[in-house]
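The values are calculated or read from the model by the stated rules, or taken from the named source; none is laboratory data. This is a predicted model, so every value here is computed, not measured. Virtual Cβ from ideal backbone geometry, glycine too; neighbours counted across all protein chains shown. Heavy atoms of the whole protein, side chains included, go into the accessibility calculation; ligands, DNA and RNA do not. Shrake-Rupley method; radii C 1.70, N 1.55, O 1.52, S 1.80 Å.
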Amino acid sequence: MPNQILQVDENMLETKLDRLVSEKVEQLLNAMLDAEADEITGAARYERSGERKAYRAGHYERCLTVKAGTMTLKVPKLKGALFESAVIDRYRRREESVEEALIDMYLAGVSTRQVDDISRLLRGERMPSQTLSDKLKRVYEQIDQWRNRPLGREYPYLFVDGVWHKRTWGGSVETVSVLVAIGVDDTGHREVIGVAEGMKEDRASWEGFLRSLIERGLKGVRLVVGDRCAGLVSTVNAMLPDARYQRCVVHFMRNVLSKVSHKHAAWAAGALKAVFAMESRDAALEKAGQVAAQMDAKGLKAAASCLREGMGEATTYLLDDYPVEHRRRIRTNNMIERLNREIRRRTRVVGSFPDGRSALMLICARIRYVTAGWTDRRYLDMSRLGDTMQTTD
């Protein structure tokens with residue numbers, strides 16, 4: 001009947017097509033191996049020829065997994081010559097490229113289960129856990145070399161922060177941090193120059209972190225940007241005496257607003273924006289004093305105290321030592337916060353890490369993946385900073 005609907009069992013059809021493709025690829029590969037053996041021996045199988053260079057001595061079977069599935073290859077054995085196949089080498093490289101792509105997916109944020117499922121679709125079987133483990137070990141060696149690389153340039157601007165994750169510690173799951181440092185070098189390019197375990201992000205952690213950066217060659221730092229983490233400011237003052245500290249304006253405003261009642265939240269937010277819209281540090285400090293007085297009058301004494309206490313650190317970027325053109329980017333830690341969000345997207349997939357090493361390696365791998373294109377574009381015009389150095393010396 002013309003209106004009759006033809007129904008197809010798609011699963012059965014897909015299975016038969018996969019099997020047909022696999023069989024044809026296997027036949028083609030074995031035919032190519034036989035042709036290579038004929039070329040090496042100088043004669044076809046059973047052919048009598050005075051130009052024969054070697055003789056066949058049977059074959060051995062070898063399984064090879066490719067995109068079309070698992071193939072059983074009949075590799076010729078020869079007497080009088082060594083059989084070296086370009087066919088097998090070529091497909092071995094193709095197979096490795098598939099595995100490397102799967103590793104890249106894992107490091108880019110795809111979960112282990114998804115990698116396993118994709119492996120089955122691409123290869124016809126799941127990736128052995130030992131294969132994944134061995135390849136990750138090689139990747140981890142490269143990551144360690146990257147983390148400990150010498151720092152050969154000057155980094156006038158240093159952005160630091162910690163990203164928190166869950167890991168098993170002493171039989172229980174606790175929240176610990178990994179410290180991250182991004183430097184803007186004297187050419188205006190940015191790069192992640194340090195990643196290390198920070199535990200509770202205390203003074204001892206920051207001292208160890210900055211000491212490791214200095215030992216690797218960190219120099220020329222003029223401004224450190226970060227949140228007011230415990231011990232960070234005093235550590236910067238002690239270990240980087242030529243650098244000033246800039247408290248992230250966004251975090252500072254949030255701290256002040258957290259002490260403001262809902263009734264006055266909109267007014268306080270607008271007042272703080274007006275403070276940081278000032279063009280000079282003196283004007284900003286004067287405006288902040290006025291806003292703090294208004295907060296006192298409205299009964300927001302905790303917010304007023306917080307504003308007065310932090311304004312000095314939050315307006316370092318307005319000093320004449322730093323170019324006006326740089327202010328928008330050096331007054332906040334937004335750059336490193338965006339990176340931290342990418343890290344958390346990956347760590348949430350894992351949940352709780354079994355140990356600090358696995359957490360650190362995965363976070364570093366994610367950072368390297370996300371920041372791969374940073375070197376292609378200049379972040380700041382550092383010639384402007386040179387101008388301010390000349391005028392302030």
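Taking amide H atoms as placed 1.01 Å from N in the peptide plane, the amide H of N333 lies under 5 Å from those of V249, V250, H251, each 5 or more residues away in sequence or on another chain. Loop-located trypsin sites (Lys or Arg not before Pro) across region 261-299 with a Cβ neighbour count of 13 or fewer within 10 Å are lacking, with loop assigned by DSSP. Amide H contacts under 5 Å for R244: L223, V224, restricted to partners 5 or more places along the chain or on a different chain, H placed in the peptide plane at 1.01 Å from N. Taking amide H atoms as placed 1.01 Å from N in the peptide plane, the amide H of L78 lies under 5 Å from those of A57, F83, each 5 or more residues away in sequence or on another chain. Among the GluC sites (Glu not before Pro) found in region 264-367, those both in a DSSP coil and sparsely packed, with 13 or fewer other Cβ atoms within 10 Å of their Cβ, are E279. Other residues lying with their Cβ under 12 Å from the Cβ of A265 contribute a combined charge of +4, Lys and Arg counting +1, Asp and Glu -1. Taking θ as phi - 60° and the Karplus parameters 6.51, -1.76 and 1.60, the scalar couplings of region 343-348 work out to 5, 5, 4, 7, 5, 5 Hz in sequence order, x denoting glycine and proline. Beyond 20 Å between alpha-carbons counts as too far, so tell me which of K24/K53; K24/K74; K53/K79 fall in that bin. The answer is K24/K53.
Of the solvent-accessible surface of region 227-326, computed with a 1.4 Å probe and all protein chains present, 52% belongs to carbon and sulfur. For region 305-393, the Stokes-Einstein estimate of translational diffusion at 4 °C and a viscosity of 1.567 mPa s comes to 79 µm²/s, using the Kirkwood hydrodynamic radius over alpha-carbon pairs. In the structure shown, the pairs K166/K301; K77/K135; K263/K287 are assessed against 25 Å; a Cα-Cα span above that value is assigned to K166/K301; K77/K135. Region 174-233 and region 336-380 have Cα centres lying 15 Å from one another. For the pair K298 and A266 in one chain, pulling the backbone fully straight at 0.36 nm per residue adds 10.2 nm over the alpha carbon distance. Measuring from a point 7 Å past the Cα of S111 along Cα-to-C-beta, which residues in region 349-378 have an amide N at less than 19 Å? Under 19 Å, as judged by backbone N against the label point of S111, lie 349-355, 359, 362-363, 366 of region 349-378.
Between R327 and D134, the C-beta separation translates, for a Förster distance of 56 Å, into a calculated FRET efficiency of about 0.70.
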